[in-house]
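The structure appears right after this line, and notes come after that.
The values are calculated or read from the model by the stated rules, or taken from the named source; none is laboratory data. The structure displayed is predicted, hence computed values, not measured ones. Quick reminder, even Gly has a Cβ in these numbers, built from the backbone with ideal geometry, and neighbours come from all protein chains shown. Side chains included, ligands, DNA and RNA excluded: accessible areas come from the protein's heavy atoms. Shrake-Rupley method; radii C 1.70, N 1.55, O 1.52, S 1.80 Å.
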Amino acid sequence: MSIVDQSGTFALGNRSVKRLGYGAMQLAGPDVFGPPRDHASALAVLREAVASGVNHIDTSDMYGPHVTNRLIREALARYPDDLVIVTKIGARRGEDASWLPAFSPDELVRAVHDNLRNLGLDALDVVNLRIMFDALAPAEGSIEAPLAVLADLQRQGLVRHIGLSNVTPAQVAEGRKIAEIVCVQNLYNVAHRADDRLIDDLARDGIAYVPFFPLGGFSPLQSSTLFGVADGLEVTPMQVALAWLLRRAPNILLIPGTSSVAHLRENLASAELDLPDDAVDELDRVAAVSDAAA
């Protein structure tokens, strides 16, 4: 039995995936730029993830750029039949490793073809459109023009399903009028819970929510609470953060990233962590700390 079975499954488009997946972003070099420090170790992490039961890998040709997709192809092609690879377009990397918007029709089309070529696929399972009005956080603005380009690529058969990343609830609503949206990928964790209502709304409609940075942006007080819960349960803070997210809503799919096989195994083991109610109550109060400080 794989070590991710107990996390359950959820629909991602017309596919069913384990709720605990893997994010390939950290396989690239420092600042997600350039090749990995250890090429063989990067391949080993990918192979270990799939061998452990992971069937949802998140990637993008903007990571490296082109690094993580080529690693995935080298490590895993021919791909397992149940493997769903989710990629992302809408940004490009500057020569200084900066993250820049890439919203023009030509840039979006080229990004899809780059992902296809580097992954060695005829069609992409899911493509998330990363909205870059603000690179660091969702910002309002119409997404109709870039999403229409992606929807056209879907009609051509190059993209099977469409998701959105770094978006507001209003943009999700706008996007759903243009195309079927199968997932939303935003910053969310036990301390940063602006998307609470959005997650619940998406769950009612059977749409996956994929949080990133499960330990990102914590204040010292919030971190001390998380570390205290982890110490009490004799597990790692990351395992607690992931277990809390799995418990938060059934439509949450996790994509923790690492370049270490040992850390990968620790992350996957969080699927087996049953948080006691008192620990959940303590973690739920972490968000109140950030609300009070705002």
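Tabulated data
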item: Centroid-to-centroid separation of segment 54-71 and segment 252-279 [C-alpha atoms, Å]; result: 20
item: Dipole of the chain, positive end: most advanced residue of 213, 238, 44 [Cβ charges, Cα centre]; result: 44
item: The chain - accessible surface per residue (Å², probe 1.4 Å); result: 44
item: Antiparallel content of DSSP bridges confined to segment 1-129, in %, to 5; result: 40
item: Computed label-point distance, nm, for sites residue 98 and residue 145 using a 7 Å Cα→Cβ extension; result: 2.0
item: Cut-off 15 Å between beta-carbons: net charge of the residues surrounding residue 160, Lys and Arg +1, Asp and Glu -1; result: -3
item: Under 13 Å, Cβ to Cβ, from residue 125 - net charge with Lys/Arg +1 and Asp/Glu -1; result: -1
item: Sorted peptide list for 165-176, 57-68, 216-227, criterion being average Cβ within 10 angstrom, highest first; result: 57-68, 165-176, 216-227
item: Cβ-placed point charges (K, R +1; D, E -1), dipole of the chain about Cα centre in debye, nearest 20; result: 800
item: Summed residue charge, Cβ within 14 Å of residue 249's Cβ, Lys/Arg positive, Asp/Glu negative; result: 0
item: The chain, relative contact order in percent, only Cα pairs under 8 angstrom and at least six apart counted; result: 19
item: Full-extension gain in nm, residue 82 to residue 282, via 0.36 nm per residue minus C-alpha separation; result: 68.3 nm
item: For the chain, calculated [θ]222 nm from helices alone, where every DSSP H run of n ≥ 4 adds -39500 (n - 2.57); result: -13000 deg cm²/dmol
item: In segment 103-151, the GluC sites (Glu not before Pro) that fall in loop regions by DSSP, at most 15 other Cβ within 10 Å; result: 140
item: Candidates 261, 127, 45, ranked by Gaussian network fluctuation over the chain, Cα under 10 Å, top entry; result: 261
item: Using a Förster distance of 35 Å, the FRET efficiency for residue 44-residue 135 (Cβ separation, nearest 0.05); result: 0.65
item: Accessible-area composition of the chain, carbon plus sulfur, in percent [1.4 Å probe]; result: 51
item: Share antiparallel - DSSP beta bridges, the chain, percent rounded to 5; result: 20
item: Selection from 227, 32, 151, by position along the positive dipole direction of the chain (Cβ); result: 151
item: Sites residue 123 and residue 231 - FRET efficiency at Förster radius 35 Å, r taken between beta-carbons, to 0.05; result: 0.15
